[in-house]
Amino acid sequence: MPEAKQRIEVTLETLLESVQLAEDICLRIAEEAGFDEDDRFKIGMSVREGVINAVNYGNGKQREKKVHLTFELGPEKLEIHVLDQGIGFDLGAVPDPLADENLLRSSGRGIFLMRSFMDEFDVRRGGNGGAEVVMAKRYPHPRGEATP
């Protein structure tokens, strides 16, 4: 892992094909940062869900809108931002996927998964509108420490 804080920014088209690209980039970054296979899966799935939500709900599949993905490799954690160009949403209004009436729904588990898989999770209003998902995973070992 590098010693100085690094920032990687990617702008994605509002296409479902962008989801796989985002996950591939994320998995490469997570591997270079020293995360094990289990954590890489969790981070990759979280980015995948965040980008799917940005494409489908935030940007409403409108191709002229973009999804901005930022990876910040800090001294203690990998922080990831997924920003769409939609109107934003109220996190408190998202239905609980574990409620009886939602158990058989085919969608609606993305936020639940991101919250479960990441050490930190929040949704903010983007600077120019839209929703910004901010999530982080702490490194398995302090930066610069050799892994066994």
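At a glance:
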{"item": "Trypsin sites (Lys or Arg not before Pro) restricted to segment 24-93 and DSSP loop, no more than 12 other C-beta within 10 Å", "result": "Lys61, Arg63"}
{"item": "Inter-label distance, nm, simple model (7 Å from Cα along the C-beta direction), Gln20/Gln62", "result": "2.7"}
{"item": "Pairs from Lys5/Lys137; Lys5/Lys66; Lys5/Lys77 whose Cα-Cα separation, in the structure shown, is over 19 Å", "result": "Lys5/Lys66"}
{"item": "Residue exposure sequence - Val19, Val67 - by fewest surrounding Cβ within 10 Å", "result": "Val19, Val67"}
{"item": "Distance in nm between pseudo-label sites at Glu76 and Asn128 (7 Å out along the Cβ direction from Cα)", "result": "3.2"}
{"item": "For Asp84, net neighbour charge (Lys/Arg +1, Asp/Glu -1) across residues whose Cβ lies under 9 Å away", "result": "+1"}
{"item": "Length released on extending from Arg28 to Glu13, taking residue separation times 0.36 nm less the Cα-Cα span", "result": "3.4 nm"}
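Throughout, read-outs are computed from the coordinates displayed, never taken from laboratory work. Here the structure is a predicted model, which means the values were calculated and not measured. Glycine gets a Cβ as well: all are built from the backbone with ideal geometry, and neighbour counts include every protein chain shown.
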